[in-house]
Structures are given as C-alpha cells and as structure tokens.
1. Using a Debye calculation, one point per C-alpha and no hydration shell, please list log10 I(q)/I(0) for the chain at q = 0.10 Å⁻¹ in order.
2. Run the dipole for region 58-165 about the Cα centre, Lys and Arg Cβ at +1, Asp and Glu Cβ at -1, nothing else charged, and hand back the magnitude in debye, nearest 20.
3. Please tell me which of these pairs span more than 23 angstrom C-alpha to C-alpha: LYS89/LYS189; LYS174/LYS218; LYS16/LYS75?
4. Which one, LEU58, LEU117, ALA200, projects farthest toward the positive side of the charge dipole computed for the chain from Cβ point charges (K/R +1, D/E -1)?
5. At 7 Å along the Cα-to-beta-carbon direction for both LEU164 and GLN31, put a label point, then send me their distance in nm to one decimal.
6. If you place +1 on the Cβ of every Lys and Arg, -1 on the Cβ of every Asp and Glu, and leave all else neutral, what size is the dipole of region 201-305 about its Cα centre, to the nearest 20 Debye?
7. Can you tell which of ALA274, SER249, GLY261 lies farthest toward the positive end of the dipole of region 222-283, using +1 and -1 charges on the Cβ of basic and acidic side chains (Lys, Arg; Asp, Glu)?
8. Charges only on Cβ, +1 for Lys and Arg, -1 for Asp and Glu: so what's the dipole of region 132-195 about the Cα centre, in debye to the nearest 20?
Amino acid sequence: MASLVKLEKLTSLLEKLNWAIEEEPRGLLDQIFTLIIDWEGAYPDLQKIIRPQEIERLLSNSISFMAGNMSDDCKGKKIIEFVVKSGYKDEPEVDEGDKPLLRRTTPLHHASRCFSLFRQAVIHDLFKIFDRYDTNYTDENGLTHFHLACEYGCDDAVRKFLELGQNPNLLVTKTGYSPLRFAIEKRNKVIVELLLRYGAIPNLANKDGLNALHIVSKSGYDDSELVRMLFDYSEKLNQPLNVDAKDKSGNTSLHLALAAGYSAVVKELLRRGANPNSTNEDGLNALHVVCKKFNDVDIVIMLFE
C-alpha cells in the first residue's frame with residue numbers, strides 16, 4: 001500500500017514538473033528526491049506515467065539542479081539513477097523515411113556543460129539510457145555523443161560506436177576537436193588505443209594546426225607512453241607520423257614539450273627523429289625554448305646527444 005501511495009505521489013509530481021514554469025522545478029525536484037531516496041520494491045515504468053519528452057525534461061532539470069553544491073549534486077544524481085533503475089531507454093524520433101533525427105541537444109550534452117562534482121558519473125549513467133550506438137546525436141556545435149564518450153572515459157560506449165561503423169576521425173564542427181584529442185587530454189589510453197585501432201589519424205590537425213602529437217606534448221602529463229602509442233599505431237597503419245609538423249604558431253611537438261618541461265616526452269620525440277633546429281614563428285628553436293623557459297641542463301644535454 002505504501003508503495004502505491006508513493007507511486008501516486010510521484011505521478012502527481014512528475015505531471016506538475018511538466019507544466020512547471022521556469023522558477024518552479026527546483027522545489028518539485030526537491031520533493032521528487034525526498035520521495036525516491038528510500039524507494040522500496042519494484043521501480044515504476046516511467047513511460048506509463050509520462051511521455052519520453054517529459055522524462056527528458058526530468059533528466060535535464062535534474063542536471064540543471066547540479067551546480068557544484070554537494071547537496072544539490074547528490075539530489076540530481078539520485079534522480080538520474082532512479083530513471084536508470086526504472087529501465088527507461090531513449091528511442092530516437094524519426095523522419096518520414098524512418099531515419100533517426102540526429103540533430104538534438106540531449107541531457108548528455110547538458111551534463112557535459114554542468115559544473116557538478118559528479119559530472120563524469122552522471123554521463124556514465126546517462127549512457128545507460130542513451131544506449132543506441134547506431135544513433136550519434138549532435139548539438140548545435142557539432143559535439144556528439146561519440147565525442148562525449150571519448151572525453152569522459154566511457155570505454156564500452158566508444159567500443160560499441162566504433163563497432164557499428166562510427167567514424168573515428170569525426171571532428172567537432174565548432175572547434176575542430178577530434179575524438180583522439182578528447183581521449184588524449186583525459187589520458188585515457190584504453191580509448192586512445194581503441195580509436196587508433198579503428199583508424200584514427202594522429203596527423204589530423206584542428207583549426208589551430210594541432211595534431212595528436214601536439215596535444216600529447218602539451219596535455220598536462222609528461223607521458224612518453226602515449227607518444228609511443230601514436231608512433232607505433234601509425235607505423236602499423238603505414239601512415240608515418242610527422243614528428244616535425246607545426247601548429248599555426250610554427251611550434252612543433254618538441255617546442256611544446258620543451259615549453260612544458262616534459263623531459264620524458266622530449267626524450268621520446270628526439271628518439272623518433274624530432275628536429276631540434278626547427279624554428280617557430282618567433283624564430284625560436286629547441287635550445288632557445290629550454291633556455292628561455294627552464295634553463296634545464298639535463299634537457300640541454302639531451303638536445304646535443
């Protein structure tokens with residue numbers, strides 16, 4: 001009986017949420033959280049209570065609820081987990097030819113822009129709802145679900161997208177960012193390897209002229225293993241990696257690694273044939289960068305070995 005009463009209350013709150021004006025959802029979400037926090041028994045089939053568009057609004061409002069405050073973040077996360085446990089799965093809208101409409105900003109896109117402490121966990125949960133990997137939704141900037149899976153370490157989602165024929169070199173329209181860049185910046189070697197195995201091109205550059213090797217060389221980690229991975233897979237694919245490729249400022253990967261003080265990356269780049277005499281737009285070569293930035297004797301010795 002208690003479960004039935006709760007279900008009736010939940011139904012009422014969800015219906016109110018659908019008609020709520022902009023200022024009201026917060027109070028309703030508080031009430032929904034209080035109701036579901038100690039839910040017992042079977043989870044309701046939400047599609048029998050509200051329409052898919054309304055479930056999406058519930059998810060989006062829950063994400064908006066999450067802004068870096070631990071209490072609100074926990075509430076929003078709990079509501080999203082409740083939707084996951086209910087078994088709800090998103091289905092794409094289709095056009096007259098029965099083809100999915102892919103131009104759609106989804107709760108996954110909203111989650112990627114929120115400042116929640118649980119952003120990554122929420123994105124992983126949302127991929128349990130948006131689990132059609134033959135359908136790659138894109139927002140107004142050309143950012144897709146596939147890009148988000150690469151950025152937030154959703155290994156299984158990335159694998160399934162690729163298995164179903166997703167282009168591993170799909171660029172974000174606005175920024176020119178590649179899936180490989182997202183994975184490298186988050187240092188996710190599993191996804192980097194997956195992308196390379198399915199044909200990601202490390203030489204592919206964005207609008208700033210940055211390719212995968214440039215990104216590794218300025219990513220925030222002195223990680224020579226990632227450099228080796230890029231070279232090894234490029235050789236396997238018979239697509240030699242251009243170690244001296246320049247970005248729009250004329251910087252090579254060696255310039256960037258030296259500026260960051262990444263001695264392990266510098267050593268690997270030199271081993272792979274990087275030219276220390278290459279100059280950027282300011283006329284600086286490798287030795288200039290070291291002396292200007294760090295005056296690091298060990299790296300200077302490396303350059304002359």
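Just so it is clear, none of the values below were taken in a lab; they were calculated from the coordinates. Bear in mind that the values here come from a model prediction, so they are computed numbers and not experimental data. In this analysis, Cβ positions are derived from the backbone assuming ideal geometry, glycine residues included, and neighbour counts consider all displayed protein chains.
1. -0.67
2. Working: 14 positive and 18 negative charges, 83 e Å.
The dipole of region 58-165 has a size of about 400 debye.
3. LYS89/LYS189
4. Selected residue: ALA200.
5. For the pair LEU164/GLN31, the computed spacing is 3.7 nm.
6. Computed about the Cα centre, the dipole is about 180 debye.
7. ALA274
8. Its charge dipole is roughly 160 debye.
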